[in-house]
Amino acid sequence: MIVTASQGNPESDVYNIGSGVGLSVTELINLIAEKIEHGVAVEYRDSRQTAVDRIVLDTGRFAEEFGSPDSRVPLNEGLERTISHLHEWTELRA
């Protein structure tokens, strides 16, 4: 989705990227911590009354402008790729 938007002529500056599956922030933190094999310190605070437990992003703007994505990368694989890229990028800057 990101490559598609960056190679085109986007009409908007903001697009939701999502899988259509809801995920809580805690679940996402746990997945990232598992992938980086490192402890993650989390500070929990009282939630606002308007907070929701889960959210599923509407990717309709992207689909209307660019069409449905040809392929989707599962969240676990996307996290692994992102973490790997960040490791490589960090090593190059060192």
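The values are calculated or read from the model by the stated rules, or taken from the named source; none is laboratory data. From a predicted model like this one, the values you see are computed outputs, not experimental measurements. Every residue, glycine as well, gets a Cβ built from its backbone with ideal geometry; the counts of neighbours run over all protein chains shown.
Just the residues that are more than 17 Å from the chain's Cα centre (by Cα) and touching a residue at least 40 places away in the same chain (Cβ under 8 Å), please, taken from the stretch 45-69.
Selection gives 65, 66.
If you scan the stretch 13-42, which residues turn out to be of a type in the set (A, V, I, L, M) and farther than 19 Å from residue 61 by Cβ?
Here is the first cut: in the stretch 13-42, the ones of a type in the set (A, V, I, L, M) are 14, 17, 21, 23, 25, 28-29, 31-33, 36, 40-42.
Across the stretch 13-42, the qualifying residues are 23, 25, 28, 29, 31, 32, 33, 36, 40, 41, 42.
So, in the stretch 9-40, how many residues would count as being surrounded by fewer than 10 Cβ atoms within 10 Å (Cβ to Cβ) and farther than 30 Å from residue 64 by Cβ?
3
Which one is modelled with the lowest pLDDT, of the residues in the stretch 41-65 that are of a type in the set (Lys, Arg) and surrounded by 10 or more Cβ atoms within 10 Å (Cβ to Cβ)?
54
So how many residues does the stretch 66-90 have that are charged (D, E, K, R) and either at pLDDT 85 or above or at positive phi (or both)? Write out each step before concluding.
Here is the first cut: in the stretch 66-90, the residues charged (D, E, K, R) are 70, 72, 77, 80-81, 88.
Add one more test, that the residue is either at pLDDT 85 or above or at positive phi (or both), and what stays is 77, 80-81, 88.
Of the residues in the stretch 66-90, 4 are charged (D, E, K, R) and either at pLDDT 85 or above or at positive phi (or both).
Given the condition at pLDDT below 85, in contact with a Leu (Cβ under 9 Å, 6 or more places away or on another chain) and part of a loop (DSSP other than H, G, I, E, B), answer yes or no: does some residue in the stretch 31-40 qualify?
no
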